[in-house]
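Every number here is computed from the coordinates shown, using simple stated rules; none is lab data. Bear in mind that the values here come from a model prediction, so they are computed numbers and not experimental data. Glycine also receives a Cβ, built like all others from the backbone with ideal geometry; neighbour counts cover every protein chain displayed.
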Amino acid sequence: MDAEEREICDFLKSWQGQFVSSREICRRAGGKWRFREDPAWAIPVLTRMVEKGYIESDASGHFRLMPEKEKKEKKKVWLSPELRAMLEKTGKTFSEGAELQDLGEPD
C-alpha cells in the first residue's frame, strides 16, 4: 500500500461503515493544497484500491473501507513436542485448556 492509499484508508477509517463521495475524499484526505492543485487526484487511487479489494463502491460512486471479516479462530498448537509428551503421560486431557493454581503471593 503506497502513501496515497494509506491517506485514503486513514480518512475512511473515521467514517466507519459509511459510504463517502469521491469528491469529499479528494478534498479531505490529501489536504487542501493537494485538492487545489488537482481536485480529482484521488480518483485513480480509489479505482486501484477497489481493484485490490481494500475498499468497496456503491452504485452512486461512493466509497467505504471493506467491512472486517469475522476473525477466524486461531489454531491451537503445542509449545514444544517435549511438553506435549510430558502432558500426555499424565493422562489428563487439556482440550479445554488448563487453569493454574494460585501459588500464593511472592515473599
note = Across 10 Å bins beginning at 0, the whole-percent shares of Cα-Cα pair distances in the stretch 3-65 come to 24, 62, 14
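With 10 angstrom as the radius, rank Val77, Val45 by how many other C-beta atoms surround their C-beta, starting from the fewest. Walk me through the numbers on the way to the answer.
Values: Val77 7, Val45 21.
The order, fewest Cβ neighbours first, is Val77, Val45.
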